[in-house]
1. Once you order the gyration tensor axes a ≥ b ≥ c over the Cα atoms, which shape class does the chain get: rounded for a/c under 1.5, otherwise prolate or oblate by comparing a/b with b/c?
2. At a temperature of 10 °C and a viscosity of 1.306 mPa s, determine how fast region 386-425 diffuses translationally according to Stokes-Einstein, using the Kirkwood radius over alpha-carbon pairs as Rh; express D in µm²/s, rounded to the nearest whole number.
3. Using only DSSP helix segments of four residues or longer, with each worth -39500 (n - 2.57), what per-residue ellipticity at 222 nm results for the chain after dividing by its residue count and rounding to 500?
4. Just want the answer: with Cβ charges of +1 for Lys and Arg and -1 for Asp and Glu, which residue in Ser262, Val218, Val228 is farthest toward the dipole's positive end in region 216-269?
5. About the Cα centre of region 268-446, how large is the charge dipole given +1 on each Lys and Arg Cβ and -1 on each Asp and Glu Cβ? Please answer in debye to the nearest 20.
6. To the nearest 20 debye, what is the magnitude of the charge dipole of the chain about its Cα centre, counting +1 on the Cβ of each Lys and Arg and -1 on the Cβ of each Asp and Glu?
7. Please work out the Kirkwood hydrodynamic radius for region 14-248, using every pair of different C-alpha atoms, and report it in angstroms with one decimal place.
8. Over all distinct Cα pairs, what is the inverse of the mean 1/r for region 362-447, reported as the Kirkwood hydrodynamic radius in Å?
Amino acid sequence: MDASPLDGFHEECGVFGVFGHTDSGALTALGLHALQHRGQEACGIVSFDGTEFFSHRALGLVDAAFGAADVIGGLKGHAAIGHNRYATTGETLVRNIQPLYADLSFGGFALAHNGNLTNAHTIRQALVRQGSLFQSTTDTEIILHLMAVSTRNDVIGRLVEAIGQIEGAYSLVALWGDRLVGLRDPHGIRPLVLGRLGESYILASETCALDIIGATFVRDIGPGEMVVIDRKGIQSSFPFAYKGAESRFCVFEYVYFARPDSFMEGRSVYGMRRRIGAELAREAPVEADYVVAVPDSGVPSAIGYAEESGIPFELGIIRNHYIGRTFIEPTNQIRNLGVKLKHNANRAFIEGKRIVLIDDSIVRGTTSKKIVEMVRAAGAAQVHMRISSPPTAHSCFYGIDTPSTSDLLAHKMDVEAIRTFIGADSLSYISIDGLYRALQDTGRDSGGPRFCDACFTGDYPVPLTDHANNCAGAKVTDLRERAGT
Ligand code: AMP
């Protein structure tokens, strides 16, 4: 099923940047629109015209925030960066909306971040003791403070020094003077791609954001790579790649987060999801009349499962795309109601039939339980649940908003207990080796490239410093800021 503000679990963030185009503000708004699935809570754009910075940031969706001609018209200049946010750290405060902007000793600096830092609060405490005054509760702000106190006298030097101190997952875009910068953490946990639109350069979280503006894909920014784009062109370096760091791209991007029409690391996300579905059919076959996806995110794997098993795929669940986020509070009771508002069983195809239901993951189990109930209520003879990822048993600290480990169903229960909980006739997850085989034809421990698969294995590639230090960070609730945009 796709993320909804009603579900309580949400995507990370999306970032976008453009250099060398007179419509940089409008292009960035379009790019953010294509990346809307990565964050729906707030969005912002900062542009630069060679002399001045212009900024617009708002709670809510991109079309509402940037739909008005005067807003786009006000974002002047040939360079811009933008950000879609779903809060993975910090709260829903207007001052947490990115891009963040600071007047540093060398001038204005704007920054947008996708990911989550795992030592941000530890660093923040040290900075606050030295006198730093933080304006937001987001982890990203520490980068600005580290740059502000750096003794290096060049901006790139300050940025590299700051980045050298942070740990975690980060794909960043930054704008200052007449330069656009893009960089990824040494493990490349979160995505970032480079594109071209005529003479202009584009940076984006996903290739679907290049497609929307007619830009061509050039390449992925590599793990630990920094690109600096200015009027002379693009320069690449690897100042953050430390010895022993291996690429650990987030496997959950393939399973759930990324848009299926995007390409990541040269792989089609849609194609990978189909392969995962086919592998799931091989690992966990079942006799049934129809394969039914929990829409939309379960659809590509369900198509793969159907093709491999020979069981016909049917639209047995119809999703209402017009369900808004506005008026329903995410209490448990309403969350349950939300699932019913969003999906309806297609009784004509379900009544009396044995159904294989495919979804990408079970987190708290709320969705699966409701969907199984709904399909039974529509008259299914049997309901077999198949999940196109291994059990989600560990919390993510790298930018995916998951509940704490103790709230994850797979942390508390084994597969049989989960089956009973969701009320299915059978339940199977793809194995971790099966997932790797689907993605790269070899098992997890075969010596091939690894992903970050910590949510399934508990194997965290970057130290969880804040967690180990029991360092939770600032908590500020400002109702006026929550209410006003
Ligand atoms: P739950 O109802 O708590 O078991 O959540 C599982 C549902 O949420 C699945 O249908 C997934 O498609 C979706 N989902 C899983 N992980 C996330 C996430 N991090 N953000 C948004 N939705 C998610």
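1. Prolate is the answer for the chain, as a/c is 1.5 or above and a/b outweighs b/c.
2. 144
3. -8000 deg cm²/dmol
4. The Cα lying farthest towards the positive end belongs to Val228.
5. In total the dipole reaches around 520 debye.
6. Using Cβ point charges on Lys, Arg, Asp and Glu, the chain gives about 420 debye.
7. It works out to 17.3 Å.
8. Computed over region 362-447, the radius equals 14.2 Å.
Every read-out reported here was derived from the displayed coordinates using simple, explicitly stated rules and does not represent laboratory data. Given the structure is predicted, the values throughout are model-derived calculations rather than measurements. Neighbour counts are summed over all protein chains in view; Cβ atoms, including those assigned to glycine, are modelled from backbone coordinates with ideal geometry.
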